[in-house]
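Shown next, in structure tokens, is the structure this report addresses.
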Amino acid sequence: MSVAMIRSAHIDSFTRDNLPPRNQWPEFLFAGLDYPERLNCVGELLDRRVERGEGDRPCLISPAETLTYAQLAERVNRIANVLTRDFGLKPGNRVLLRGPNNPTMVASILAVMKAGGVVVATMPLLRAKELSYAVGKAKIALALCDVRLADEMEKTRPLAPALKQIVYWGDKSQGSLESLMMRSGYENFTACDTANDDVCLIGFTSGTTGEPKGTMHFHRDMLATCDSYGRHVLRAAADDRFIGSPPLAFTFGLGGLVLFPLRVGASTILLEKAPPDELLPAIAKWRATICFTAPTAYRAMLGALAAHDISSLKKCISAGEALPLPTFEAWHKATGMRIMDGIGATEMLHIFIGSPDDEIRAGSTGRAVPGYEAKVIDDAGHEMPAGIPGRLAVRGPTGCRYLADTRQTVYVQSAWNVTGDTYVMDKDRYFWYQARSDDMIISAGYNIAGPEVETVLLTHPAVAECGVVAAPDEERGHIVKAYIVLRPGHDGDAAMTKTLQDFVKAAIAPYKYPRAIEYVASLPRTQTGKLQRFELRKTAHESGKKKIA
Ligand code: 3UK
């Protein structure tokens with residue numbers, strides 16, 4: 001496939017104009033992927049299937065309604081008509097989308113893309129301040145929003161003057177999305193004739209540090225993740241039923257709950273809220289076969305497995321954070337299933353390292369997904385031999401292109417995507433996660449990976465959750481400090497601290513044991529469920545200062 005000048009369909013050239021300069025792009029690999037120059041991903045994911053006579057297959061399943069492929073296609077067309085005819089959407093315009101995981105949210109995402117627009121989906125829990133940042137950064141004039149999220153949306157208006165129109169769905173009032181969709185003649189819509197490298201999605205990073213970054217993705221990227229990870233690692237089929245917890249505004253959720261199922265003609269079960277105690281009964285009720293969620297959710301579900309029949313499940317995918325070996329083992333013991341760990345990133349759209357079921361090595365994230373290359377490098381960018389920890393670098397059909405952001409040159413170095421994770425690659429090219437590069441703790445000259453200590457602590461029956469970070473220490477520079485949420489019925493007293501410290505010393509090199517332990521009611525997490533170690537570091541830093549003063 002040629003990447004030379006393809007004619008864009010974008011009348012509004014904002015995203016193209018704000019791509020990083022070419023010399024800051026990662027290298028892209030397209031082996032095995034041959035997309036035509038004119039490509040609208042929604043045509044491929046949805047319309048082709050209906051045209052092939054498979055429109056009656058179940059597609060979206062939710063507690064409120066079930067939509068076949070044909071019904072979803074019609075809903076998408078109706079929304080695309082509203083966007084273009086009633087609100088004057090032009091190819092290239094950005095549209096803010098806000099809603100929980102439900103059929104109208106999926107239809108809205110696909111409608112914006114089909115009309116040649118650019119989706120900016122936002123996490124339901126975001127506040128006006130964060131929303132207005134996205135509106136300003138991506139220059140968004142139009143929003144589609146679930147009426148139940150209207151409060152925060154309305155508070156955004158005065159903070160975000162660029163936002164001209166907000167259309168609500170979820171009620172039948174005049175001017176609502178539903179009322180406009182019902183117009184006659186809106187049931188058909190011809191997909192915008194986009195170029196395969198026209199942007200269709202801006203995914204904002206969850207912003208663990210600094211301002212969120214807008215990652216830009218092309219129409220071809222939506223298919224490329226399906227045709228690499230989906231096809232070679234996940235290997236789903238048309239009779240699969242997907243389920244999971246990540247929000248659709250998080251690319252982990254978009255891939256796992258929309259792109260992968262649609263690419264193979266499968267169905268997907270959409271839950272507006274899917275905490276572990278609701279996910280289990282939903283798996284049982286709808287006989288789900290593939291589950292996408294985070295490691296903490298698998299760990300939380302372990303305790304309640306006996307009460308639910310999850311025998312329909314065939315594959316469990318974990319991403320977002322490292323999957324601790326004890327969680328993998330306990331899940332395997334309880335269900336007979338090996339959780340498929342995979343590392344993905346918003347910049348890369350989805351998972352780029354992960355192994356198919358039959359090639360999993362317990363405790364490893366896996367091997368580079370076919371279509372991707374991965375290596376471990378030192379600080380100067382030199383490739384490290386097997387067995388030596390270093391920074392993870394990857395490239396493949398997807399990759400980092402930030403929207404007008406100088407941090408592009410931090411993520412992309414020498415045309416490789418450098419994710420900020422420390423990994424060891426073994427001689428069989430399996431990748432073993434160590435830590436986020438900034439989560440490495442240096443204590444009295446030792447390098448200690450916080451997650452390794454967490455993994456040990458999690459095997460202790462009194463520990464529900466934990467986070468391990470560096471706390472400042474006069475003598476050692478830093479010490480290992482653990483923040484621990486205990487399971488009910490356990491006391492965070494001196495005896496417990498001694499027990500846990502001895503427990504770590506007995507399991508791994510004693511110098512790694514947490515010299516300080518603090519018991520807390522909960523741990524700070526991002527809206528995508530990730531532990532915010534930098535918040536813990538900040539807390540540790542502040543309490544350290546107090547002690548020294
Ligand atoms: C960490 C992991 C160890 C890692 C994501 C799947 O998490 C996703 O995207 P984000 O941009 O974060 C990326 C960072 O998260 N991480 C993710 N998965 C793993 N660390 N083991 C893992 N299995 O630090 C990475 O750099 O929020 C995950 C698909 C799409 C995604 N956006």
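Here, each number is a calculation from the coordinates, and none is a lab measurement. Note that this is a predicted model, so its numbers are computed, not measured. Please note: Cβ atoms are built from the backbone with ideal geometry, for glycine as well, and neighbour counts cover all protein chains shown.
Estimated purely from DSSP H runs of n ≥ 4, each contributing -39500 (n - 2.57), the mean residue ellipticity at 222 nm for the chain is -7000 deg cm²/dmol once divided by its residues.
When Rg and Dmax are taken over the Cα atoms of segment 300-357, they come to 12.6, 38 Å.
Our Cα-only numbers for the chain put the radius of gyration and Dmax at 23.5, 75 Å. Relative protection proxy for 20-28, 346-354, from highest mean packing down: 346-354, 20-28 (other beta-carbon atoms within 10 angstrom).
Packing order of peptides 98-104, 510-516, highest average first: 98-104, 510-516 (average count of other Cβ atoms within 10 Å over each peptide's residues). Charged neighbours of ILE140, selected by a Cβ distance under 10 Å, balance to +4 (K, R count +1; D, E count -1).
For GLY116, nonlocal amide neighbours, meaning residues 5 or more places apart or on other chains whose placed amide H falls under 5 Å from its own, are CYS192.
For LYS505, give me every one of the lysines with a C-alpha distance below 24 angstrom, ignoring sequence neighbours fewer than eight places off in its own chain. Correct list for LYS505: LYS481.
For the cross-link pairs LYS139/LYS285; LYS315/LYS498; LYS90/LYS172, the ones whose C-alpha atoms lie over 31 Å apart are LYS139/LYS285; LYS315/LYS498. Among beta bridges from DSSP that stay inside the chain, the antiparallel ones total about 60%. Near ARG525, the amide H atoms lying under 5 Å from its own belong to GLN532; only residues 5 or more places off or on other chains count, and H is placed 1.01 Å from N. Toward the positive end of the charge dipole of segment 447-548, with +1 on the Cβ of Lys and Arg and -1 on the Cβ of Asp and Glu, the farthest Cα among VAL485, LEU500, VAL469 is that of VAL469.
If you wrap segment 40-193 in the convex hull of its Cα atoms and look at it from every side, the mean projected area works out to 8.7 nm².
Across segment 135-140, computed HN-Hα scalar couplings (Karplus, 6.51 cos²θ - 1.76 cosθ + 1.60, θ = phi - 60°) run 4, x, 5, 9, 6, 9 Hz from first to last residue, x flagging Gly and Pro. Taking amide H as placed 1.01 Å from N in the peptide plane, HIS478 has its amide H under 5 Å from the amide H of ALA444, ASP473, each at least 5 places away in sequence or on another chain.
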